[in-house]
Ligand code: PMP
């Protein structure tokens with residue numbers, strides 16, 4: 001069934017907000033709602049906002065099997081990653097000035113690490129294998145007596161590849177090295193039990209799981225031990241770790257979206273598996289199609305694919321007004337450069353410059369995937385012919 005409706009296949013960049021979360025957020029905005037400053041505890045208005053925030057905090061903590069006082073609110077995973085990494089670096093530099101991360105992290109981790117290198121820290125960037133997996137032995141080999149922090153993402157935003165953070169967490173705990181996990185792409189899609197897994201710091205972002213943009217959390221296992229130097233100084237909110245008036249509407253929206261994502265996890269995952277299979281079948285009709293990332297070890301909502309002799313730019317341009325796709329990382333798509341993630345996996349040439357990320361989710365329909373698959377096959381064929389002429 002052909003449809004003129006545009007198809008959104010960029011869920012890994014951001015998701016729409018779940019309708020239930022939107023409905024709830026509206027109650028925290030206007031004069032008849034709970035709009036007051038949650039720090040204004042001298043009046044009922046402020047107290048109501050405070051209670052709403054603390055209830056949301058507890059709900060989010062429960063879903064992670066954490067305690068409410070282990071979570072602080074931030075503006076999203078970029079800020080959480082910055083606070084975790086710079087916060088540990090600056091507070092622990094007397095113990096050592098070495099950090100270990102991977103070459104396939106999100107820019108908010110890599111650029112933070114690059115910045116720390118300019119102020120005297122040393123960073124080791126562990127390389128993945130050709131499928132995007134980080135070998136735990138390689139992480140352990142990179143550790144020195146100076147290492148204070150390991151930062152590793154749970155699920156990669158370009159390939160969907162999952163890392164085994166559980167085993168690493170145990171080992172790092174024994175070595176007394178802080179462990180930070182960027183879980184922006186996994187929270188709400190994979191169960192995470194922070195009581196079982198000794199992760200010290202974990203970043204999450206609501207807009208990846210059908211919550212609002214501009215809100216996220218940093219989980220801090222032990223605020224007494226994990227002394228973080230704050231990035232923002234001011235009113236002293238969030239234990240002085242993140243000053244600024246809390247956005248009540250965003251916070252309740254995040255908690256609601258997380259609850260729904262958690263409840264729907266099996267359904268949403270099965271749906272994405274089905275869509276991924278459909279799409280792969282269609283794309284496999286094309287000669288020279290290559291899937292990037294470990295297909296056995298990835299989330300089903302992200303499919304990274306290259307088509308021989310077709311650049312991602314030309315394919316995306318051809319489909320720009322019909323289908324939302326991403327090349328490289330959407331977060332740097334202002335400047336078109338080849339993906340640092342695929343490059344680190346040793347992918348080069350056509351396969352690198354032809355890589356397209358197709359990501360879908362709860363609201364993507366089978367019909368949309370079939371239509372998108374057809375259009376991609378048509379355009380890849382057309383672009384190849386054009387190149388031959
Ligand atoms: N880390 C990962 C793995 C991500 O996918 C993203 C979003 N692209 C971020 C961090 C940044 O999150 P935010 O947009 O909430 O700052």
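The values are calculated or read from the model by the stated rules, or taken from the named source; none is laboratory data. All values reported here derive from a predicted model rather than from experimental measurement. As a convention, Cβ positions derive from the backbone with ideal geometry for all residues, glycine included, and neighbour counts pool all protein chains shown.
What the table shows:
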read-out: Checking residue 180 against (1) crowded, with 24+ Cβ neighbours inside 10 Å; (2) part of a helix (DSSP H, G or I), the condition it does not meet; value: (2)
read-out: Any hit, segment 136-148, residues being in contact (Cβ under 8 Å) with a residue 24 or more places away in the chain, more than 15 Å from residue 177 (Cβ to Cβ) and assigned to a helix (DSSP H, G or I); value: no
read-out: Any hit, segment 29-52, residues being within 16 Å of the ligand (Cβ to nearest atom), touching a residue at least 24 places away in the same chain (Cβ under 8 Å) and not in a loop (DSSP other than H, G, I, E, B); value: no
read-out: The lone exception for residue 311 - which of (1) away from the ligand (no atom under 16 Å from the Cβ); (2) at pLDDT 95 or above it fails; value: (2)
read-out: Boolean, residue 75 is within 12 Å of the ligand (Cβ to nearest atom) and touching a residue at least 60 places away in the same chain (Cβ under 8 Å); value: yes
read-out: Test set (1) outside the structural domain of residue 116 (by TED's automatic domain parsing); (2) more than 16 Å from the ligand (Cβ to nearest atom) - residue 61 fails condition number; value: (1)
read-out: Test for residue 187: is it under 25 Å from residue 97 (Cβ atoms) and buried (at least 24 other Cβ atoms within 10 Å of the Cβ); value: no
read-out: One residue from 250, 276 being assigned to a helix (DSSP H, G or I) and more than 24 Å from residue 298 (Cα to Cα); value: 250
read-out: Number of the condition not met by residue 114 [criteria: (1) free of Cβ contacts under 8 Å to residues at least 24 places away in the same chain; (2) within 16 Å of the ligand (Cβ to nearest atom); (3) touching a helix residue (DSSP H, G or I) at 6+ places or on another chain (Cβ under 7 Å)]; value: (3)
read-out: Filtered residues of segment 206-224 (kept if surrounded by fewer than 22 Cβ atoms within 10 Å (Cβ to Cβ), more than 16 Å from the ligand (Cβ to nearest atom) and touching a residue at least 12 places away in the same chain (Cβ under 8 Å)); value: 221, 222, 223
read-out: Any hit, segment 249-265, residues being over 19 Å from the mean Cα position of the chain (by Cα), more than 28 Å from residue 87 (Cβ to Cβ) and modelled with pLDDT of 95 or more; value: yes
read-out: Residues within segment 226-267 that are over 19 Å from residue 35 (Cα atoms) and free of Cβ contacts under 8 Å to residues at least 60 places away in the same chain, tallied; value: 8
read-out: Residue 323 vs. criteria in contact with a strand residue (DSSP E or B) (Cβ under 7 Å, 6 or more places away or on another chain) and surrounded by 15 or more Cβ atoms within 10 Å (Cβ to Cβ); value: yes
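Results for (1) within 16 Å of the ligand (Cβ to nearest atom); (2) part of a loop (DSSP other than H, G, I, E, B); (3) farther than 29 Å from residue 26 by Cβ, shown as yes or no for each residue.
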| position | (1), (2), (3) |
| --- | --- |
| 184 | yes, yes, no |
| 193 | no, yes, yes |
| 199 | yes, yes, yes |
| 204 | yes, no, no |
| 226 | no, yes, yes |
| 245 | no, yes, no |
| 254 | yes, no, no |
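Listed here are the residues, each with its yes/no results for (1) at pLDDT 95 or above; (2) farther than 25 Å from residue 270 by Cβ; (3) buried (at least 20 other Cβ atoms within 10 Å of the Cβ); (4) more than 19 Å from the chain's Cα centre (by Cα).
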residue: 306; (1), (2), (3), (4): yes, yes, yes, yes
residue: 342; (1), (2), (3), (4): yes, yes, yes, no
residue: 357; (1), (2), (3), (4): yes, no, yes, no
residue: 370; (1), (2), (3), (4): yes, no, no, yes
